[in-house]
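Colleague: So that we are looking at the same thing, I have put the structure below in structure tokens.
The values are calculated or read from the model by the stated rules, or taken from the named source; none is laboratory data. Since we're looking at a predicted model, the values are computed, not measured. Neighbour counts run over all protein chains shown; Cβ positions are idealised from the backbone, glycine included. Side chains included, ligands, DNA and RNA excluded: accessible areas come from the protein's heavy atoms. Shrake-Rupley method; radii C 1.70, N 1.55, O 1.52, S 1.80 Å.
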Amino acid sequence: MTARKRERPRPHAATLMRVVIVASAVAMAVIPLPQALVETVYSRGTYPVIRQLVTGLTSLTSLVLFDLLLVGGVVTLLAWWMWRLTRAPRGGRSRVLASLTAQTLVCAAALYLVFLGVWGLNYRRESLAARLGYTASRVTDPVLETLTVAAIEKLNRLYDATQERAWPRLDELPVRAGAAFERVQLRLGVSPAMAGLVPKRSLLTPYFRRAGIDGMVDPFFLQVLVNDTVLPFERPFVTVHEWAHVAGFAHEAEANFVAWLTCLEGEASMRYSAWSFLVPRLLAALPDEAQQRLGAALGPGPRADFAAVRARLSRTIPVVQRNARRLNDRYLKANRVASGVASYGEVLQLAVGTDLGRRQWSEEVGLE
């Protein structure tokens with residue numbers, strides 16, 4: 001009788017699937033994708049369909065689904081680990097621990113792939129600066145100083161114009177700013193344009209207050225979460241900034257630019273919100289002497305508003321704020337934003353160094 005060759009055991013289908021998930025996540029994390037491919041296939045092709053589907057479904061509920069995912073995920077993970085470890089046979093706890101670690105890694109890899117598919121790949125699209133023909137030579141100290149003078153004059157006039165008007169509530173912003181947001185999206189090539197979303201209050205709001213975070217986009221359910229302690233004149237800009245993220249502008253400077261353009265398309269309160277965001281960043285980009293000289297031209301109203309923002313941010317807890325900033329910096333750099341949290345300030349490159357930005361200046365304050 002001839003001995004049969006012993007067949008090699010085939011890998012279990014579930015094990016093979018886990019390996020594929022982890023390997024795919026690692027590959028997506030480390031392999032650079034061509035920006036033109038991401039722009040064409042994902043950001044302008046697949047993502048608008050995903051965005052319409054996800055926001056259409058999540059708009060049907062008042063629940064903050066990110067809270068459910070966060071709380072439910074943490075509770076489930078802890079309960080799962082505790083249950084497995086307490087039921088581990090004597091002497092087999094190390095084996096169970098290794099199995100739990102491997103399975104948790106698979107879950108994290110799967111969550112990362114979902115993040116990329118639902119929204120995160122927008123970090124790898126072509127930059128808005130490249131698409132708008134950004135020219136670095138346009139952003140010089142003399143140009144910034146001229147624009148800052150004009151912006152401060154505009155801000156002072158707009159402050160007076162807003163005194164007889166009520167600031168929009170968060171739930172009013174889709175109506176008050178939604179049409180302008182859609183026009184700006186179409187101008188920037190977003191098609192179909194998305195409507196404004198009603199911001200929601202998250203269980204994370206107490207953390208937002210202590211960390212100095214104004215808002216965020218849930219990257220899994222595409223809901224907009226806004227810190228409800230932002231001041232009335234900050235609400236329009238902060239909210240539209242988060243809308244811009246949902247529209248596919250993942251980079252912070254790009255979301256700031258979209259918010260600036262959108263608010264300048266609106267009523268006086270919206271335009272005041274736009275300039276009250278940009279003026280401090282214009283001043284910060286200038287030498288100290290110019291900052292002090294031009295800052296003295298701020299009217300008492302805008303000056304009081306800026307003091308109120310500083311007072312709001314002073315109520316943060318420094319250690320929480322530092323850790324939140326460090327975490328955000330690492331998150332952005334992990335998603336191909338080389339400048340990390342410094343990217344927020346790069347909005348001046350788009351507002352001053354592109355044709356679209358300069359046209360906006362010309363229309364708004366009469367400068368070429």
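Colleague: How many residues are assigned to a helix (DSSP H, G or I) and in contact with a Lys or Arg (Cβ under 6 Å, 6 or more places away or on another chain) if we restrict to the stretch 52-83?
Modeller: 0
Colleague: Taking only pairs six or more apart or across chains, which ones have beta-carbon atoms under 6 Å, a first residue in the stretch 194-213 that is within 15 Å of L70 (Cα to Cα), and a second residue that is of a type in the set (A, V, I, L, M, F, W, C) and open to solvent by less than 40 Å² (accessible area, probe 1.4 Å)?
Modeller: S202/V64; S202/L225
Colleague: I would also like to ask the following. Is there a residue in the stretch 97-114 that is open to solvent by 40 Å² or more (accessible area, probe 1.4 Å), within 26 Å of E254 (Cβ to Cβ) and not aliphatic (A, V, I, L, M)?
Modeller: yes
Colleague: Within the stretch 244-282, can you find the residues that are small (G, A, S) and either assigned to a helix (DSSP H, G or I) or over 9 Å from the mean Cα position of the chain (by Cα) (or both)?
Modeller: The answer is A244, A247, G248, A253, A255, A259, G266, A268, S269, S273, A274, S276.
Colleague: Looking only at the stretch 84-96, filter to residues that are surrounded by 12 or more Cβ atoms within 10 Å (Cβ to Cβ) and assigned to a helix (DSSP H, G or I); which one of those is modelled with the lowest pLDDT?
Modeller: Once the filter is applied, the top-ranked residue is R93.
Colleague: If you don't mind, there's one more thing I want to ask. Got a sec? Which of S59, S43 is at pLDDT 95 or above and in contact with a Leu (Cβ under 8 Å, 6 or more places away or on another chain)?
Modeller: S43
Colleague: When the stretch 33-51 is examined, which residues are found to be part of a loop (DSSP other than H, G, I, E, B) and either in contact (Cβ under 8 Å) with a residue 60 or more places away in the chain or among the basic types (K, R) (or both)?
Modeller: L33
Colleague: Same structure again: Is it the case, given these coordinates, that F249 is crowded, with 19+ Cβ neighbours inside 10 Å and closer than 24 Å to T55 by Cα?
Modeller: yes
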